[in-house]
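Written below as structure tokens is the structure these notes are about.
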Amino acid sequence: MKGRYLFTSESVGNGHPDKVCDQISDAVLDAVLKEDSKGRVACETFCSMGLVIVGGEITTTTYVDVHKLVRQVLLDIGYNHPKYGFDANTCSILNAINKQSPDISQGVDAGGAGDQGIMFGYACDETPELMPLPIMLAHHLVKRVEDVRKNGILKYLGPDCKSQVTIEYEDDKPLRVDAVVLACQHTEDILDKTGKRITEKAKKQIIDTVAIPVVGKLIDKKTKFYVNETGKFVVGGPQSDTGVTGRKIIVDTYGGVVPHGGGAFSGKDPTKVDRSAAYMGRYVCKNIVAAGLASKCMMQVGYAIGFSQPVSVMIDSYGTGKISDQKLVELVRKHFDLSPRGIIQTLDLRKPVYLKTASYGHFGRSGFSWEKTDKAEALKRDAK
């Protein structure tokens, strides 16, 4: 966009109820893939006050102790005491898992997509990670909350938190942070005399300890900070808000900069193109930007259930491409195998790596195969 404008992205911490569910679903997936690399998993989780329900369709040769796994995930997050409104040691757990439909399985076994759908990938040169700046800062903020909490720096913090960052741009270039929003669960220790608000001292501690280390270089005198603006946030987690797998899809991807496909990621094995094709889209776009063929790049790909090749591939470089978008599509089809089977092989997706994706975004973090830029040089040479 031309001129000056504001853009906002949000993130949530690993103790947010929806993210709790994402982590449980992906922990189940990892447990299956650890022993059965070809297991089929579509796992959904629901959590509310004192209750976790794990359901969906799983076909596997291995056994997963769902109750033990759920409690371990909750303990790792930090829900280990009733003072946080949810206790891994005492919550009820219901296992409602069934087998996958054989009607779907026969199409997938032949190498076809596990469902119809559209998926998007994206990359841009705003940050070293080739991600949009607002979502990266929002993720760093909630990760910083977790680190501060678990390291005992601010002992009153609880597991649940949210962040939001507003960036001021000029001609598509980020200039400054205009606003930072933080909502951090806490114990009653930091309430003022009214019992309705946290103290100004606690607000300043959160800003100085959490926000400034993350956004300090981009703030100025006009930057606004909003911390626990309802007054207090004692009741949090599943006690205050029902959680469901797959409800934070914009947090999972690019912070609303580009569209999102029809499906969520967590709890789905890589034969589900909702997940695997979105990862491939990121891989494709990141390599295009890393090759210098565009400053930003979006890819849309569409699939039909049971068919091995996409029904459509679209690239939009937003006018920043060094070659035409049509030529970029040709390069993509030449250098990337977009069949479900090809995606799984290229990105090595039958490994238990998914629990790590369920917090702080699926993209823009090292260690995942879809973040590699190993195709950039070949794309650059072939574009000449």
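The values are calculated or read from the model by the stated rules, or taken from the named source; none is laboratory data. A quick note: this is a predicted structure, and the numbers were derived from the prediction, not measured. Cβ: placed from backbone, ideal geometry, glycine included. Neighbour counts: every protein chain shown.
Residues are listed down the side, and each one gets a yes or a no for (1) among the hydroxyl-bearing types (Ser, Thr, Tyr); (2) touching a helix residue (DSSP H, G or I) at 6+ places or on another chain (Cβ under 6 Å); (3) in contact (Cβ under 8 Å) with a residue 12 or more places away in the chain; (4) more than 19 Å from Gly117 (Cα to Cα):
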site	(1), (2), (3), (4)
Val251	no, no, yes, yes
Arg275	no, no, yes, no
Tyr279	yes, yes, yes, no
Ala291	no, yes, yes, yes
Ser295	yes, no, yes, yes
Arg341	no, no, yes, no
Out of the residues in the stretch 223-270 that are acidic (Asp, Glu) and in a loop (DSSP other than H, G, I, E, B), which is surrounded by the fewest Cβ atoms within 10 Å (Cβ to Cβ)? Glu229
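Counting just the residues of the stretch 145-161 that are surrounded by 23 or more Cβ atoms within 10 Å (Cβ to Cβ) and among the hydrophobic types (A, V, I, L, M, F, W, C), which one comes out nearest to the chain's Cα centre (by Cα)?
For the stretch 145-161, the residue satisfying everything is Cys161.
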Being part of a loop (DSSP other than H, G, I, E, B) and not hydrophobic (A, V, I, L, M, F, W, C) is the filter; apply it to the stretch 342-357 and report the residue that is nearest to the chain's Cα centre (by Cα). Tyr354
Go through the stretch 271-306 and report how many residues are surrounded by fewer than 22 Cβ atoms within 10 Å (Cβ to Cβ), among the polar types (S, T, N, Q) and more than 19 Å from the chain's Cα centre (by Cα). 1
Determine if the stretch 32-51 includes at least one residue that is over 21 Å from the mean Cα position of the chain (by Cα), in a helix (DSSP H, G or I) and surrounded by fewer than 22 Cβ atoms within 10 Å (Cβ to Cβ). yes
Mind counting the residues in the stretch 363-379 that are assigned to a helix (DSSP H, G or I) and either aromatic (Phe, Trp, Tyr) or buried (at least 17 other Cβ atoms within 10 Å of the Cβ) (or both)? 4
What is the one condition in (1) touching a Lys or Arg at 6+ places or on another chain (Cβ under 9 Å); (2) of a type in the set (A, V, I, L, M); (3) part of a helix (DSSP H, G or I) that Ala278 does not satisfy? (1)
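How many of the residues in the stretch 1-31 are polar (S, T, N, Q) and more than 16 Å from the chain's Cα centre (by Cα)? Don't jump to the end; show me each part of the working.
The first filter runs over the stretch 1-31 and keeps only residues polar (S, T, N, Q), leaving 8-9, 11, 14, 23, 25.
Restricting the remaining residues to those that are more than 16 Å from the chain's Cα centre (by Cα) gives 8.
Matching residues across the stretch 1-31 total 1.
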Among Gly231, Gly263, which is more than 21 Å from Ile77 (Cα to Cα), assigned by TED's automatic domain parsing to the domain that holds Lys173 and of a type in the set (Gly, Ala, Ser)? Gly231
Some residue of the stretch 45-61 being among the charged types (D, E, K, R) and within 23 Å of His140 (Cβ to Cβ): no
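If only one of Tyr318, Tyr360 is surrounded by fewer than 18 Cβ atoms within 10 Å (Cβ to Cβ) and not in a strand (DSSP E or B), which one is it?
Tyr318
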Could you list, in sequence order, the residues of the stretch 54-96 that are surrounded by 17 or more Cβ atoms within 10 Å (Cβ to Cβ), among the hydrophobic types (A, V, I, L, M, F, W, C) and not in a helix (DSSP H, G or I)? Val54, Ile58, Val64, Phe86, Ala88, Cys91, Ile93
Which of the residues that make up the stretch 293-310 are among the charged types (D, E, K, R) and outside any strand (DSSP E or B)? none
Quick check on Lys2: is it charged (D, E, K, R), in a loop (DSSP other than H, G, I, E, B) and at pLDDT below 95? yes
Looking at the stretch 204-213, can you tell me whether even one residue there is surrounded by fewer than 19 Cβ atoms within 10 Å (Cβ to Cβ), farther than 26 Å from Pro132 by Cβ and touching a residue at least 60 places away in the same chain (Cβ under 8 Å)? no
